[in-house]
Amino acid sequence: MKKLGIMAGVASLVVSTMLLASGARSADDAKLDELKAQGFARVAIANEPPYTAVAADGKVSGAAPDVARVIFQRLGVKDIVASISEYGAMIPGLQAGRFDVVTAGLMMKPERCASVAYSEPVLCDAEAFLVRKGNPKHLMTYEDIGKDSSATIGGPGGGLQAKYALKAGVPSDRFIVVPDAQSGLKMVQDGRIDVYTLPILSINDLVKKANDPNLEVVAPVQGMPVSCDGAAFKKGDEALRDAFDVELAKMKKSGEFAKIIEPYGFSAKAAMSTTREKLCASAQ
């Protein structure tokens, strides 16, 4: 009788565990089911080519959204719908439920990793400076800007660039928050700032389109690390993130990932050479 009681208890425990696991899976799958029913995923972007871009007709492109679109389609979500956001507003917007995912070159760093659920790396890049021809103040590093009391630098609000500048000794009143890349370009051309800073690929794309011989690019900025982004999901949506990662890994293995991002100038090898775990553990 005692043996039968033990067996009944074990059977009850197994059934309870299975029911709990089933309930957890249902809860985890709820977000993906919601997106499938909705027919699209709401993504936050920065309209910063080649990471992200919005055409005149509203079509969303760029390396990060192009990867995300394919993955969501494979997960049963037909399309993505983008909202342009400043970097500093992306994580609060995600947490508030205004976006389902951020696909915008939002580079991984420990404090961001604590706030969102990142996918594995998608796009990797280093930092660059846009200056006037001849680099009149010889600004090669963030420290150079900090030491020159007359030097000013512009960059996106809430981006890594502001953190790099402040850490290098640039006072907050000499780091000018610029709403978009075209504004940054114009401010350098007009002499309102000495430097505009973004990742190398973004700066190169900006300069190519401007076709202005009075501009010059300093790249890579000395002493700065290579950074990588990932698709950023709301904490609690890890199951959706994990499903995204499964498809991302398949694309990396098949070579499809490289075919999507490398025409934009990104390196698939760079993204495949590191992991979310390493990037989230390292100080940027």
For Val246 and Lys167 in the same chain, what is the full-extension length gain: residue separation times 0.36 nm, less their Cα-Cα distance, in nm? 24.8 nm
Show me 34-42, 235-243, 119-127 ranked by packing, highest mean number of other Cβ atoms within 10 Å first. 119-127, 235-243, 34-42
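Multiply the residue separation of Ser115 and Lys78 by 0.36 nm, subtract the distance between their alpha-carbon atoms, and state the gained length in nm to one decimal.
This chain segment gains 10.6 nm when fully extended.
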With label points set 7 Å from each Cα along the Cα-to-Cβ direction at Glu216 and Arg192, the distance between them in nm comes to 2.4 nm
If you take the Cα atoms of the chain, find Rg, then find the Kirkwood Rh from the mean of 1/r over all pairs, what is Rg/Rh? 1.10
What nm distance separates the two modelled labels at Glu256 and Glu34, each placed 7 Å from Cα along Cα→Cβ? 2.6 nm
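What FRET efficiency, computed as 1/(1 + (r/R0)^6) with R0 = 25 Å and r the Cβ-Cβ distance, is obtained for Lys235 and Ala281, rounded to the nearest 0.05?
Calculated transfer efficiency: 0.90.
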Using a Förster distance of 41 Å, the FRET efficiency for His138-Ala89 (Cβ separation, nearest 0.05): 0.75
If each part is reduced to its alpha-carbon centroid, the range 83-120 and the range 205-284 end up apart, in Å, by 14 Å
May I ask you to work out the translational diffusion coefficient for the range 77-167 at 10 °C, viscosity 1.306 mPa s, via Stokes-Einstein with Rh from the Kirkwood sum over Cα pairs, reported in whole µm²/s? 102 µm²/s
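Determine the alpha carbon to alpha carbon distance for each of Lys137/Lys209; Lys208/Lys253; Lys133/Lys252; Lys186/Lys252; Lys208/Lys250; Lys109/Lys253 and list only those over 30 Å.
From the list (Lys137/Lys209; Lys208/Lys253; Lys133/Lys252; Lys186/Lys252; Lys208/Lys250; Lys109/Lys253), the Cα-Cα distance tops 30 Å for Lys208/Lys253; Lys133/Lys252; Lys186/Lys252; Lys208/Lys250.
Each reported figure results from applying straightforward, stated rules to the coordinates on display, with no laboratory input. Nothing here was measured: the structure is a model prediction, and the numbers come from that model. Cβ: placed from backbone, ideal geometry, glycine included. Neighbour counts: every protein chain shown.
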